[in-house]
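Notes to accompany the following structure.
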Amino acid sequence: MGGSLNLNHLLFLLQGAGWTVVLSVLALVGGGILGFAVALCRVSASRAVRLVSGGYVQLIQGTPLLVIMFLTYFGLPAIGFRISPLAAAGASLTIYVGAYLGEIWRGAIQSVPRPQWEAAEGLALSRTQRMTRVILPQAVRIATPPTVGFFVQIIKNTSLASVVGFVELARSGQIINNSLFEPFLIYSIIAVIYFVLCYPLSRLSRRLERRAGQGRGQTLAPA
Amino acid sequence: MSPAPTSATGQDPAVRLSDVHKSFGTNKVLDGVSFDVPRGSVTTIIGRSGSGKSTALRCIDRFERIDRGEITVCGHRVHEPSLDLRALRLDVGIVFQSYNLFPHLTVEENIILAPTAVKKMPKAEARELARRVLAQVGLEEKLHAYPEQLSGGQQQRGAIARSLAMQPKVMLFDEVTSALDPELTGEVLKVIEQLAADGMTMVLVTHEMAFARGIADQVVFMHRGKVHEIGPAAILSSPATQELAQFVGTGL
């Protein structure tokens, strides 16, 4: 028995929470970059590019994140690549998040009405100009609420990194519980911290969703 | 408007379709369509839904590729794979049924986008241009409005202004008033009439028979993918074929 819960334990938990945030941001940035590339590939003019990127999305969406973590952390060393828990968790999350964000963003791009493409084409804009000046600005607005919503999933999913020995929030809770044997108390604290991290984002996502439905008239100063 | 023939002899027409064929799958949409649009003249294409009139129009700006035949637009050989698509679309403006102003941009931004991005026109000059084309369609006061703050008729006039800002040699109008109620239709048609009076070469697909008759130097009546009847606006008053008589007679 390690005595009762004290400030050091709490600080340790907060440190774990910090790593959860780091891992989440890593996943969002890495997965965001990958996802953006995937989304563009999914709407590419080339059939081969569409097929390969589509295959990637299917493969990852059909694989548990846990298995991807095992593969990178235990599988890679078995074939000769050493990898740290942070790198393994970061890489796994990037691969995983990239597929999902790619799919969310592909949907957003494709939900911009076809005539918008044609209008841009009729004005002699190049494919890149059509994408960057006409389609993507509209797609971003469509994609923002589900993207923020998905970020909440990412934060919660980082807890899986504990299985590769990465000490984030869930794992730090386990460690403390191993010495204190107060599972109800400690896991309640863990749950509260996760909630505090996620709740503002859930709220933001819902607010953005409501606003997306209203269009953008209110951004204009009264004439 | 002068009813006088507008094609000067010895001058190539702005648009020429020769024996154009086009199928969607097994559905033959254009079955040997030919007609010329002389420079500075107005051609209206009429016909029932599914007669191929919109497809014919879209082929002119290569929104559809044709299976056989030739289309020449201001010297661009549209049917050839080597076509410089950008050059074609610099010469041709198109306005659609669903307006299609870009909703994330103000009217002014909609208009200056292509001139600045495609023609590399300085912003100040493009803004000046935007003011000019908006005055042309009677929408100066909506410069800074977003499309959703405009009525359908205003949006469509904005789309026409956006197209005009590229200073095209030919303008295509694809049922531009079909989504508008009668009141708003009038204000859009007035803008198009003014363009015609200014000598713009135009091809219009329309359901507005009175308008088609009033503005057209040439009427093309399409039926089952073919040009069934073609001639001056007078053919609407004295159709040579039963199909056109029926089409005109059944109203619209």
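A few comments on the model shown:
- Of residues in the range B:54-67 being more than 13 Å from chain A (Cβ to nearest Cβ) and open to solvent by 10 Å² or more (accessible area, probe 1.4 Å), the one farthest from B:I192 (Cα to Cα): B:D67
- Looking across the range B:68-87, not a single residue is open to solvent by less than 20 Å² (accessible area, probe 1.4 Å) and of a type in the set (K, R).
- A count restricted to the range B:140-177 and to residues that are of a type outside the set (G, A, S), within 10 Å of chain A (Cβ to nearest Cβ) and over 21 Å from B:K53 (Cα atoms) stands at 11.
- Of all residues in the range B:88-104 being open to solvent by 30 Å² or more (accessible area, probe 1.4 Å) and more than 8 Å from chain A (Cβ to nearest Cβ), the one that is farthest from the chain's Cα centre (by Cα): B:Y99
- Only one of the numbered conditions (1) assigned to a loop (DSSP other than H, G, I, E, B); (2) more than 10 Å from chain A (Cβ to nearest Cβ); (3) open to solvent by less than 50 Å² (accessible area, probe 1.4 Å) is violated by B:D31, and that is (1).
- Test: residue in the range A:115-122 that is surrounded by fewer than 19 Cβ atoms within 10 Å (Cβ to Cβ) and on the phi > 0 side of the Ramachandran plot: no
- Condition check for A:V148: away from chain B (no Cβ under 14 Å), among the β-branched types (V, I, T) and at negative phi: yes
- Qualifying residue in the range A:54-66 (condition: in contact with a Lys or Arg (Cβ under 7 Å, 6 or more places away or on another chain), without any contact (Cβ under 8 Å) to a residue 60 or more places away in the chain, in a helix (DSSP H, G or I) and not hydrophobic (A, V, I, L, M, F, W, C)): yes
- Filtering the range B:179-195 for residues that are modelled with pLDDT under 95, within 14 Å of chain A (Cβ to nearest Cβ) and more than 18 Å from B:A130 (Cα to Cα) leaves a non-empty set.
- Of the criteria (1) of a type outside the set (A, V, I, L, M, F, W, C); (2) closer than 18 Å to B:A14 by Cβ; (3) open to solvent by 10 Å² or more (accessible area, probe 1.4 Å), which one B:T43 fails: (3)
The values are calculated or read from the model by the stated rules, or taken from the named source; none is laboratory data. None of these values were measured; they are calculated from a predicted model. Ideal geometry is used to build each Cβ from the backbone, glycine not excepted, and the neighbour counts take in all protein chains shown. Each accessible area value is taken on the protein alone, full model and side chains, heavy atoms only, with ligands, DNA and RNA left out. Shrake-Rupley method; radii C 1.70, N 1.55, O 1.52, S 1.80 Å.
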